[in-house]
Amino acid sequence: MNIAERAIILAAGTGERMRPVTLTTPKPLVAVNGVRMIDSVIGALHQNQITEIYVVVGYLKEQFRDLPERYPGVTLIENPYYDSWNNIASLYVAREHLYNCMILDGDQIIHQPEVLNRRFTLSGYNAVRTEGPTTEWLLDVKDGHIVSCSRTGGCGGWQLYSVSRWTEEDGKKLRRHLEAEFSKGNKDIYWDDIALFCYPEQYDLCVYEMQKDSVAEIDSFQELISIDPSYAVE
């Protein structure tokens, strides 16, 4: 049994699909029904006794300054490449903390904190079983182990969510592979591409099943309005 001792929250992006609200507010700091998204993430981590938390910031980074004061144990890490690289750069700048860790996006809402349980066996992703069609990343799983992933979705499989856990050994591998791809200037990939597409044979990943209503991922301004109608323009 492994224990996630720390968490890395990626919060550097510009949130273009959430404009106009993200023109002045970073997406993780957008309040949904009165609670900022990143506060739901940090609160759920705290409920699972994870207080060593690294938040990677970039876009409108100064607005995150209250987090270390509000949550002792939070450290901000700046991603200076946020506007020219994909999110591989965000994990790259936090790579020294990649062992016995949980990696999450800051722009999601955690409704059920138990899905961030710090105890785990293999490295892997939270996922929701779906039988219908989806355009989200979809995992093919055999005997509990991830065997492939589709970036364009499909019909039937395990929908990947932005919650993952990494053992000490896999975290060290992930760091080496991040450094290798970063040194190549491979700026257009997601950090998840490392284990799922670039070096899949070097990782044995599993899924941690959860229900669809456990975590909300808001991808657009219209989705935000559907969850919090106060953003609708009258």
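Listing for the model above:
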read-out	value
Under 5 Å, built H, 5+ apart or other chain: amide partners of residue 78	57
Per-residue Cβ neighbour rank within 10 angstrom, fewest leading, 213, 105, 83, 228	213, 83, 228, 105
9, 218, 77 arranged by Cβ crowding within 10 Å, fewest neighbours leading	77, 218, 9
Once the Cα gyration tensor of segment 46-123 is diagonalised, semi-axes √(5λ) in Å	22, 16, 12
Long-range tail of P(r) for the chain (Cα pairs > 28 Å, %)	27 percent
Rounded to whole Hz, the Karplus (6.51, -1.76, 1.60) HN-Hα couplings of segment 150-166, x for glycine and proline	10, 6, 9, x, x, 10, x, x, 10, 6, 6, 10, 7, 9, 9, 10, 9
Residue order, fewest to most beta carbons within 10 Å, for 128, 41	128, 41
Segment 168-226: trypsin sites (Lys or Arg not before Pro) in DSSP coil with no more than 11 other Cβ atoms inside 10 Å	184
Listed pairs 142/172; 27/187; 187/212; 27/61 exceeding 23 Å between Cα atoms	142/172; 187/212
Alpha-carbon centroid distance for the pair segment 147-189 / segment 205-233, whole angstrom	22 Å
Options 115, 18, 221, ranked by Cα towards positive dipole end of the chain, top entry (Cβ charges)	115
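Every number in this text was worked out from the coordinates using simple rules, so none of it is lab data. Note that the structure is predicted; figures quoted are calculated from it, not measured. All Cβ positions, even for glycine, are placed from backbone atoms using ideal geometry, and neighbour counts span all protein chains on display.
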